[in-house]
Amino acid sequence: MIEIGGKAAGLDKPLEHLTACHRRIEQRLATLVRAGEVFESNPTEARQAIANSLAFLESSGVRHTQDEEASLFPRLLPKLNPEDAAFVEALEAEHKEADAVFTELRELAANISSGNRERYLDAAQRLQAIYSGHIAIEDSRLNPLAAGKLDTAELAAIAEEMRARRGLPCS
Ligand SMILES: [Fe+2]
Ligand SMILES: [Fe+2]
């Protein structure tokens, strides 16, 4: 999805790019929750907003997780002390937890109606809560850790893999 007026961090700075993607993920999660809250009064618009946000998370959101799990974490882990390595492994576990709730949310969204709106909203709020803590710790701890441990060549290799995963930055 192209964000009009949005400024994408370039892929030449992969860590900044990952942080910029966090803001976009947060926006979509907020939309998913809001759509559940207002579904009764405006179901057509809510369904469209849900579809758009799920499409973003299924494409850009999935690539973001791949960027971390396949490009960033494997380069970072061998350089970390046991405590920091456990921290990064816990982030991977949170990805799995988020994936499970996302699957549940997607199924509820496919059949959203007045009858199951509360279940949908509960799942959307749980997913938002998981990501809220996850993203906050990635921004405050993972990003500085990676910036301190990875050299220019490693960051360039990560950027190259991220570029290969997509046609446009954070598209
Ligand atoms: Fe993550
Ligand atoms: Fe992330």
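The values are calculated or read from the model by the stated rules, or taken from the named source; none is laboratory data. Being a predicted model, the structure only gives us computed values, none of them experimental. Neighbour counts are summed over all protein chains in view; Cβ atoms, including those assigned to glycine, are modelled from backbone coordinates with ideal geometry. What goes into the accessible areas is simple: the full protein's heavy atoms, side chains included, and nothing from ligands, DNA or RNA. Shrake-Rupley method; radii C 1.70, N 1.55, O 1.52, S 1.80 Å.
Would you please put 23-31, 80-88 in order of how densely packed they are, using the mean number of other Cβ atoms within 10 angstrom per residue and starting with the highest?
So the order, starting with the most tightly packed, is 23-31, 80-88.
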Which value in nm describes the separation of the simple spin-label points at residue 153 and residue 62, placed 7 Å from the Cα toward the beta carbon?
3.4 nm
About its Cα centre, how strong a charge dipole does the chain have in debye, to the nearest 20, once Lys and Arg get +1 and Asp and Glu get -1 at the Cβ?
460 debye
With Cα springs under 10 Å, the Gaussian network model of the chain assigns the largest mean-square fluctuation among 143, 52, 42 to 42
Report in % the part of the accessible area of the chain that belongs to carbon and sulfur, leaving out ligands and nucleic acids; probe 1.4 Å.
53 percent
Stretch residue 47-residue 90 to full length: gain in nm at 0.36 nm per residue minus the Cα-Cα span?
12.1 nm
Remind me, relative contact order of the chain in percent, using alpha carbon pairs under 8 angstrom and six or more residues apart?
40 percent
Can you give the accessible area per residue of the chain, in Å², using a 1.4 Å probe?
50 Å²
Which aspartates and glutamates does residue 79 reach when only Cα atoms under 14 Å apart count, and residues fewer than 8 places away in its own chain are ignored?
89, 151, 154
With R₀ set to 22 angstrom, the calculated FRET efficiency between the beta-carbons of residue 116 and residue 38, to the nearest 0.05, is 0.90
